[in-house]
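A.B. asks: The structure's right below; bear with me while I get my questions together.
Just so it is clear, none of the values below were taken in a lab; they were calculated from the coordinates. It should be emphasised that the depicted structure is a prediction, and the values quoted were computed from it without experimental measurement. Because the Cβ atoms are built from the backbone with ideal geometry, glycine has one as well, and the counts that use them run over all protein chains shown.
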Amino acid sequence: MRRRAHAGFSLLEVLVAFVIVALVVTALFRLYGGAMSNMSAADDWTRALLVAQSRLAAAAAAQPLREATETGTEDDGRVEWSSSVVPYVPPDANADLEQASQTMPTRLYRISVDVRFPGIGDKRRSLSLSTVAIGPRNPA
């Protein structure tokens, strides 16, 4: 009479399976943690971009447009911004054309917004937006 071999797994096979499962789960947790960190960074970046766009639009919409500088904070002090409106002269402007433009009642202004916000590991990040708008030369 023959004896039947026991069906099932040996202790060694079960331990190897547990090690493989533990390695896979560890890799998944690291992947999940990295994704959460990237999502948080993207959220901070998006919030800073929205602040910059709204401050740029507010500065450009001011009537009459005039030289000015403003600073402030958003989101409980996490996002700091500064905006400036300064006269704009193109870098390659012809000197004769610039002198002739002095007699015009309007001029170009460069509107800039700089935003500083926390990044990964409390490393400060920044973003800048700017545009050019036309306004009166000597606003009242």
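A.B. asks: Measuring from a point 7 Å past the Cα of Ala133 along Cα-to-C-beta, which residues in segment 58-99 have an amide N at less than 12 Å?
C.D. replies: Within reach of a label on Ala133: 58-68, 84-86.
A.B. asks: Right, something else. On C-alpha positions alone, give me the angle between the axis of helix 11-61 and the longest principal axis of the chain, in degrees, nearest 10.
C.D. replies: Roughly 10 degrees, rounded to the nearest 10.
A.B. asks: Could the peptides 30-42, 69-81 be put in order, highest first, of the mean number of other beta-carbon atoms found within 10 Å of their residues? Present the calculation step by step, with values, prior to reporting the outcome.
C.D. replies: Details: 30-42: 10.8, 69-81: 13.4.
Per-residue Cβ counts within 10 Å, averaged per peptide and sorted highest first, yield 69-81, 30-42.
A.B. asks: Looking at segment 52-98, I'd like the Rg to Rh ratio, where Rg is from alpha-carbon atoms and Rh is Kirkwood's inverse mean 1/r. The partial results should precede the final answer.
C.D. replies: Details: Rg = 14.6 Å, Rh = 12.8 Å.
Over the Cα atoms of segment 52-98, Rg/Rh equals 1.14.
A.B. asks: Something else about it: Work out how much length Thr71 to Leu11 would gain on full extension: take 0.36 nm times their residue separation and subtract the Cα-Cα distance, in nm to one decimal.
C.D. replies: Working: separation 60, 0.36 × 60 = 21.60 nm, distance 6.76 nm.
Gain on stretching Thr71 to Leu11: 14.8 nm.
A.B. asks: Compactness ratio of the chain: Cα Rg over 2.2 N^0.38 Å, N = residue count?
C.D. replies: Cα Rg divided by the expected 2.2 N^0.38 Å: 2.11.
A.B. asks: Tally the DSSP beta bridges in the chain and give the antiparallel ones as a percent, rounded to 5.
C.D. replies: 100 percent
A.B. asks: Which residue, chosen from Ser101, Ile111, Ala68, occupies the Cα position most advanced towards the positive end of the dipole of the chain, where the dipole is computed from +1 (Lys, Arg) and -1 (Asp, Glu) charges on Cβ about the Cα centre?
C.D. replies: About the Cα centre, the residue reaching furthest to the positive side is Ile111.
A.B. asks: Per DSSP H run of n ≥ 4, the term is -39500 (n - 2.57); total these for the chain, divide by its residue number, and report the mean residue ellipticity at 222 nm rounded to 500 deg cm²/dmol.
C.D. replies: After summing the helix terms and dividing by residue count, I get -15000 deg cm²/dmol.
A.B. asks: Restricted to Cα positions, what overall size does segment 87-140 have along the principal axes? Three whole-Å values, descending.
C.D. replies: 52, 29, 11
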